[in-house]
Amino acid sequence: MQICALKKSVTAKKTIRWKLFCILALAAILWGSWKYVCGPSRPAVKFNGVDDYLLCDDEPGLDVTDQITVEAWVKGRFTDDAQHTIIRKGNAYYLGVTNHRLHGAINTTDWKTVQASSVLTDDRWHHFAMTYNRVEPAPKATTLDNFNGLRMDGDAPAVLCGAAGEFDEHIREIGNVLYEPDEDEAGKKYKIFYSGYHGTYKGNNVGIGYAYSADGKTWTKHPNKIIDRPLEDPYVVNNDGTYYLFVEDKADMPFRNIRRYHSSDCLNWADDGDVFDVQAGGSPVDWEAQDVSSPVVWIENDIWYLLYEGRGGGYWGKIGLATSRDGVHWTRYKNNPVFDGGPPGNWDETNVVCDDIIKVGARYYMTYHGYGASGPTGYWSGLAYCDDLHNWVRHSDNPFSICPTVMFLYDTEYVLFCEDIGGVFRSNPCIVSAPRLYIDGLEQHYLIRQDCDNTPITADNHPASIGKSPVGIPYFFRGSISRLRIWGQALSPREIRWAMDGVLAENEPNLAACWEFDQGGG
């Protein structure tokens, strides 16, 4: 039930403390279910999750566009899979809890969602915050340490899927991109390899394709498979003028190993046979006893390094490391696997697969795709880095793309090629304006984080509703809310930590609304 239609809102530089004494008295007389309780050292309002909510009329101060922070103290036992609305301003912005996780959304041209990976089941008070800062235009990242998303270079794929019936009617997975500025043939300074199939994917109906370019933007595809054998997930390196292709061998089903080829022109390939096979044992036991796949090869100081995916023993993909002097005979790293799934509830908790590697200075960067059993459907892409090829650290803004495979290129700038519907797309790593979530002052790892395309928040004439969605399904909140604020700026992490317990000035800059849920006047 609506507790009271709150007729006042707050504009910037003015704080209103709602006179809840009258509201609570009226609620107690008329309905009796809504409760005024103790919050974290301050008053709070308890919502029954059935029909309790507060409604605040639409006011200009609530229609923030370029920057926003929504923050509140919240307590609830979110043990079901339901959606709980903390606050929603019509079709403009939203903060709540969905499937046990903090969940926010910003409506720019359409709704853009952000969801934390942390699971909330402890029935304690937590401080929740969501921020959004529109940046126009989205700057390209100058390093691989500060990007958090991809911006496609145009709407059309750089490399198109083949026509119906052709071997690459569907692109299964892209391989790495070679940039060779000293290539004798000017039109082939850039090379990309990929696996494709036609019809329905069956595992052994896939082959390797090849495309080349003079500038990395306009590509020409070789018309046929470059090797007449079922192969997938290619990775090519050039060592002293000879190209070496490492690839999953799909001739035998179920597949199990990695095969190698070599060539002088990327068209005519000699078969070197299977060079890396499964292995029993290890820790966890038999983690690579079923199959090894997804090879990524790096050569440095005459040592060949192989990053690969291993599966077995009931485990999904983990990443191992092996070394070689000739690219044929390999020795596994003693502490394999070197990269495993993320923590429980993370977007990559179940499976991780290496995609590509690049070295910048003394640091290695690896793109990988991952999957979480309790997260979004499909594989997403993340970044990890290290200084020794075996102590990998996850990038703080993972996942950076919903594309399942992303490959590096650096010529005059960082470029990332990604697989998506329709083919292979060229993109730039960018600092995108996606919303951010904080719990108790700490930014969260993300299960979902969508780019808002650096566009303003949609203006909206709906009221702000606390404890219920005013549009569509109501999604009532079950739990307690204390001191809810909306700011017309994206607070920094330091400012959010201050806002958790800091005392506001009477005319606090950029404060758009504040509900203290106390009995004082305003």
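Quick rundown of the values:
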| item | result |
| --- | --- |
| Residue check for residue 47: assigned by TED's automatic domain parsing to the domain that holds residue 497, farther than 25 Å from residue 498 by Cα and modelled with pLDDT of 90 or more | yes |
| Residue within the range 179-193 that is touching a helix residue (DSSP H, G or I) at 6+ places or on another chain (Cβ under 8 Å), crowded, with 20+ Cβ neighbours inside 10 Å and either hydroxyl-bearing (Ser, Thr, Tyr) or not in a strand (DSSP E or B) (or both) present | no |
| Boolean, residue 292 is over 28 Å from residue 414 (Cα atoms) and either in a loop (DSSP other than H, G, I, E, B) or more than 32 Å from the chain's Cα centre (by Cα) (or both) | no |
| Considering residues of the range 248-300 that are in contact with a Lys or Arg (Cβ under 6 Å, 6 or more places away or on another chain) and farther than 24 Å from residue 359 by Cβ only, the residue surrounded by the fewest Cβ atoms within 10 Å (Cβ to Cβ) | 251 |
| Among (1) among the aromatic types (Phe, Trp, Tyr); (2) assigned by TED's automatic domain parsing to the domain that holds residue 346; (3) over 30 Å from residue 419 (Cβ atoms) - the single one residue 78 does not satisfy | (2) |
| Tabulated pairs, the range 290-310, first on the phi > 0 side of the Ramachandran plot, second assigned to a strand (DSSP E or B), C-beta under 6 angstrom, 6+ apart or interchain | 294/233; 294/309; 294/353; 294/354 |
| Subset of the range 117-140 [among the small types (Gly, Ala, Ser) and either touching an Asp or Glu at 6+ places or on another chain (Cβ under 9 Å) or without any contact (Cβ under 8 Å) to a residue 24 or more places away in the chain (or both)] | 117, 129, 138 |
| All positions within the range 489-509 that are outside any helix (DSSP H, G or I) and either within 26 Å of the chain's Cα centre (by Cα) or not assigned by TED's automatic domain parsing to the domain that holds residue 466 (or both) | 489, 490, 491, 492 |
| Selection from the range 474-488 of residues that are under 18 Å from residue 131 (Cα atoms) and either in a loop (DSSP other than H, G, I, E, B) or modelled with pLDDT under 90 (or both) | 488 |
| Criterion: in contact with a Ser or Thr (Cβ under 7 Å, 6 or more places away or on another chain), modelled with pLDDT under 90, outside the structural domain of residue 341 (by TED's automatic domain parsing) and not basic (Lys, Arg) - qualifying residue of 460, 453 | 453 |
| 2 or more residues under 24 Å from the mean Cα position of the chain (by Cα), crowded, with 17+ Cβ neighbours inside 10 Å and not hydrophobic (A, V, I, L, M, F, W, C): qualifying strands (runs of 3 or more DSSP E) within the range 40-83 | 67-75 |
| Segments classed as strands (runs of 3 or more DSSP E), wholly inside the range 194-256, with at least 2 members that are within 29 Å of the chain's Cα centre (by Cα) and either of a type outside the set (Asp, Glu) or assigned by TED's automatic domain parsing to the domain that holds residue 307 (or both) | 206-213, 231-239, 242-249 |
| Hits in the range 419-465 (condition: part of a strand (DSSP E or B), among the hydrophobic types (A, V, I, L, M, F, W, C) and over 14 Å from the mean Cα position of the chain (by Cα)) | 424, 425, 439, 442, 464 |
| Qualifying residue in the range 355-366 (condition: touching a residue at least 24 places away in the same chain (Cβ under 8 Å), closer than 15 Å to residue 115 by Cβ, in the same structural domain as residue 316 (by TED's automatic domain parsing) and hydroxyl-bearing (Ser, Thr, Tyr)) | no |
| Pick from the range 380-418, criterion of a type in the set (S, T, N, Q) and at pLDDT below 95, ranking: farthest from the chain's Cα centre (by Cα) | 412 |
| Hits in the range 258-289 (condition: more than 17 Å from residue 333 (Cβ to Cβ), charged (D, E, K, R) and part of a strand (DSSP E or B)) | 259, 260, 271, 272, 274 |
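Residues checked against (1) more than 22 Å from residue 99 (Cβ to Cβ); (2) surrounded by 18 or more Cβ atoms within 10 Å (Cβ to Cβ):
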| position | (1), (2) |
| --- | --- |
| 411 | yes, no |
| 425 | yes, yes |
| 429 | yes, yes |
| 446 | no, yes |
| 450 | no, yes |
| 454 | yes, yes |
| 459 | yes, no |
| 464 | yes, yes |
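The rows are residues; the columns are (1) β-branched (Val, Ile, Thr); (2) at pLDDT below 90; (3) in contact with a Ser or Thr (Cβ under 8 Å, 6 or more places away or on another chain).
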| residue | (1), (2), (3) |
| --- | --- |
| 104 | no, no, yes |
| 113 | yes, yes, no |
| 122 | no, yes, no |
| 128 | no, no, no |
| 137 | no, yes, no |
| 150 | no, yes, yes |
| 163 | no, no, no |
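The values are calculated or read from the model by the stated rules, or taken from the named source; none is laboratory data. No experiment lies behind these values; they were computed from the predicted model shown. Using ideal geometry, Cβ is built from the backbone for each residue, glycine included, and neighbour counts are taken over all protein chains shown.
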